[in-house]
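Contents: one structure, followed by commentary.
No lab work stands behind these numbers, since they all come straight from the coordinates. Note that the structure is a prediction, hence the values are computed from the model and not measured. Don't worry about glycine lacking a Cβ; one is built from the backbone with ideal geometry, like all the others, and counts go over all protein chains shown.
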Amino acid sequence: MEAAAAAYLGMGLCAAGFFGAAIGIANIFATTIETVGRQPNAEGRVAKYCWIGFALVEAVALYALVLAFILMGKA
Amino acid sequence: MEAAAAAYLGMGLCAAGFFGAAIGIANIFATTIETVGRQPNAEGRVAKYCWIGFALVEAVALYALVLAFILMGKA
Amino acid sequence: MEAAAAAYLGMGLCAAGFFGAAIGIANIFATTIETVGRQPNAEGRVAKYCWIGFALVEAVALYALVLAFILMGKA
Amino acid sequence: MEAAAAAYLGMGLCAAGFFGAAIGIANIFATTIETVGRQPNAEGRVAKYCWIGFALVEAVALYALVLAFILMGKA
Amino acid sequence: MEAAAAAYLGMGLCAAGFFGAAIGIANIFATTIETVGRQPNAEGRVAKYCWIGFALVEAVALYALVLAFILMGKA
């Protein structure tokens, strides 16, 4: 297995980061939906944590994307 | 590992998308069963989200299927 | 990697199907235990779904077993 | 990939069995802690199932360990 | 696949330990947040187990890190 092939395989393995980020963001929004539906008064305070949490998990997904692009440059 | 063998392996890895789609659709229908059993009056409104959610998750499974067919064409 | 070695590796990967079947059957029986313990009167009606669900999940495990045997024939 | 290298890789893959056993034993003890904390009177009857369940899941982990040692003998 | 390449792949596989440690630490702190929010009086007693549990799970992640460094020395 030459180095370019290994870099391409590593880019594919970066999708493991997207796996976790997708589950995590879905978990955040599912809990937000459940909480807002149960206590409509708390929407203002809850939405803040929803978007901040979404942004932080999205950042983890972008780490994986950056890692994939770095590997693409080495192929 | 020549290119055709790698394409066949990639087709097999596309089953990871089916893994997630199967769990997701099962999650949607399990929650629908639980909700309809607990609140029979809500069946009309709940079923709408059940089918839309099912279709959207099924679409993700079809992405994996399309990806597998694209890889089959490159083998 | 010659074809026989790949077939043996594929047989080992078929265990991924057993992974899911084991978790699924355990989930069915765990929920049955919990439900029967909470509502003993519902045992007759619940056991029916328990055994049908068990058989259908077991069938998925047998698909993986058949797939492994097909691969064994090709090795 | 010669046979010895494949045997070493197989020994590493045996850790997948430890993965499941660790989660399972943790699940048993977590549920035991929760149950004993909620109903202290049930400790005597619950502990019996806790230790039996622990032993049976531990046995599954030992299967993986035996499998790893068998592979070590073939390397 | 020569030995150095296998060592680099093994270092990458050590990230599986970080996967579990990240989920476990998140589980500990999520439960701590939920418990403290529900019973503010229990914060003193709960925080103790939170930090001890965090340290023990973090230790597992450090095992994986040590393993990766050992593999780096062998590459």
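Each copy carries a label point for B:ALA3 at 7 Å from Cα along the beta-carbon vector; from one copy to the others these points are 2.2, 2.2, 3.5, 3.5 nm apart, nearest first.
Ratio of alpha-carbon Rg to the 2.2 N^0.38 Å globular estimate for region A:3-73, to two decimals, please. Before the final figure, lay out each step's value.
Working: Rg = 16.5 Å, N = 71, 2.2 N^0.38 = 11.1 Å.
So region A:3-73 has a normalised radius of gyration of 1.49.
The other copies place their B:GLY37 label points at 1.7, 1.7, 2.8, 2.8 nm from this one, listed shortest first, where each point is 7 Å from Cα along Cα→Cβ. Entry note, the protein assembly as shown: the mean residue ellipticity at 222 nm calculated from DSSP H runs of n ≥ 4, each adding -39500 (n - 2.57), is -31000 deg cm²/dmol after division by the residues and rounding to the nearest 500.
Please say if the protein assembly as shown is rounded, prolate or oblate, where rounded means a/c under 1.5 for a ≥ b ≥ c the square roots of the C-alpha gyration tensor eigenvalues, and otherwise the choice is prolate for a/b larger than b/c and oblate otherwise?
rounded
In the elastic network of chain E, a GNM with C-alpha springs shorter than 10 Å, the most mobile of E:GLY12, E:GLY24, E:GLY53 is E:GLY12. Comment: the Cα-to-Cβ extended label point of C:TRP51, at 7 Å, lies 3.5, 3.5, 5.6, 5.6 nm from its counterparts in the other copies, nearest first.
Of the GluC sites (Glu not before Pro) found in chain A, the ones in coil according to DSSP and having at most 14 other Cβ atoms within 10 Å of their Cβ are A:GLU2. Near A:ALA3: Cβ cut-off under 15 Å, other residues only, Lys/Arg at +1 and Asp/Glu at -1. The net charge is -1.
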